[in-house]
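**Student:** Before we start, here is the structure in question, set down as C-alpha cells.
What follows is calculated from the coordinates using simple rules that are stated; it is not laboratory data. Since the structure is predicted, the reported quantities are computational estimates derived from the model, not experimental observations. Cβ sites come from the backbone with ideal geometry, for glycine too, and all protein chains shown count toward neighbours.
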Amino acid sequence: MPLNGLSHYFSDDPSPPNKQPPPSTGKPSRHIEHDTPTKQQPPSRLASPLPSEVDYSLNSPQALSTIGTPTSEFGPTPGPESHNWSAAIGRAATGKSGRVIEKLMGENDRLQREKKLAIVKLEEEVKRGESARLALEGLQLSNETLSSIHESDKTQMAKKDRKIELLRADLQSEKLRRDKAEEETRESRREREEVVEELRRHAAEDREEARRSTAQYEILASSWKTLEDRYERQTRKLKADLNDLRTEVDGDKRKMTELEIVIEQLTHELAKVAQVKDKLLTGFQAYKKEQESGLQEIQERAERNNSANEELHEQMNGVLGQMKHVVNVKRDSRENV
C-alpha cells in the first residue's frame, strides 16, 4: 500500500534529506577530560530502528511506550532519569558540532513524532476506508435483497390482484345464486303457507265431522241403551211370567210343552237380539276407527236393526197375547172344573 509521500520516513537513513553534517574545519577536536567518567551509550541505541522492526499498531506495547517519548537519530532522547548523561554530553560538546548534533536530534524527534502521527492517521483512514467498504458492500447486499423482495412483492401483488378479480367474479356469481335461492325460498314459503292453510282447513272440517259423528254416536248409544234397558225389563218380566206359568202349568204337560216351545222360540229370538246387539257394537267400533266411511254403514245397520226389533217386538207381543190366551183358557178350564 503506498504511503502517499511518506516513504522517506521509512528509509534506512532516518536523518532528514538535504541535511548534511557540517564540514570539519580542519581543527583537531579537543577531548576534555573530566574527573567523573562519562557514561558511554551502547551502539544499538544510536541507530534508528528499521521500518520492518517498527510496530505500527497503536495497541502494541512498543507504540504505547514510544508515544510521548522524544527520540532522535541517535536513539531516544533521554528523559529526566538520564539528565546526568545529557549534561555530560553538553559539557563534552560545547562547540559547533555539539549544537549541530543537538539541532539534528531535535529535528529527528520532530520528524519521528510527525511520522508516528502520520502513521496513526493513515491507519485511521485505512480503518475508515475498510469500514466504508464493508458498509458499502452491506448496503449493496441490502439493496439487492430489497430489489428481489420488491420484485417478489410485485409478483405477489399481481397474483393477489388476479385473485381479487377471481374473488369478485365468484362474489358476483354467489350473489346471483343467493338472490335466486332467496326467490326460491320465498316461493317455497308461500307454497308451504298455502299447503298449511289448506291442511288447517281440512283439519277443521275433519274436527267438525268428528264432532258430528261423536254426537250421532252418543245419540245412537243412548237410543241403544234405552232399547236395551226396555228389552231387559221386558225379558225380566217375561221370565217372571214364565216362572209363574211354570208353577201354574206343572200338571198340564201338553200345554207346557207348547208353552216351552214358545219360550224356546222367544229365547232364540232373544239370542238373535243379543247377536244383533253384538254386531251393532262391533260395527260401532269399526265406525269409530273408520269414522266417515263406517258412519253410513252403521246408520243403515241401525235402520235394519230397528226394523228387526220392531218385527221382534211384534212377535213378542203376539207371543204374549198367545200366552195370555193360554192363561185365560186355563183359568176358564179351572173355573169350569
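**Student:** Would segment 204-224 turn up any residue that is surrounded by 11 or more Cβ atoms within 10 Å (Cβ to Cβ) and more than 25 Å from Glu303 (Cβ to Cβ)?
**Tutor:** Looking only at segment 204-224, we keep the residues that are surrounded by 11 or more Cβ atoms within 10 Å (Cβ to Cβ), and these are 206, 209-210, 212-214, 216-217, 220-221, 223-224.
If we keep only those that are more than 25 Å from Glu303 (Cβ to Cβ) too, we end up with 206.
Within segment 204-224, one or more residues are surrounded by 11 or more Cβ atoms within 10 Å (Cβ to Cβ) and more than 25 Å from Glu303 (Cβ to Cβ).
**Student:** Counting only residues that are surrounded by 11 or more Cβ atoms within 10 Å (Cβ to Cβ) and not hydrophobic (A, V, I, L, M, F, W, C), which one in segment 319-335 is farthest from Arg246 (Cα to Cα)? Full working, then the answer.
**Tutor:** Taking segment 319-335 and keeping what is surrounded by 11 or more Cβ atoms within 10 Å (Cβ to Cβ), we get 319-320, 322-324, 326-327, 329-331, 333.
This time we only want the ones that are not hydrophobic (A, V, I, L, M, F, W, C), so: 322, 324, 330-331, 333.
Numbers: Gln322: 15, Lys324: 14, Lys330: 13, Arg331: 14, Ser333: 17 Å.
Among those residues, the one meeting the criterion is Ser333.
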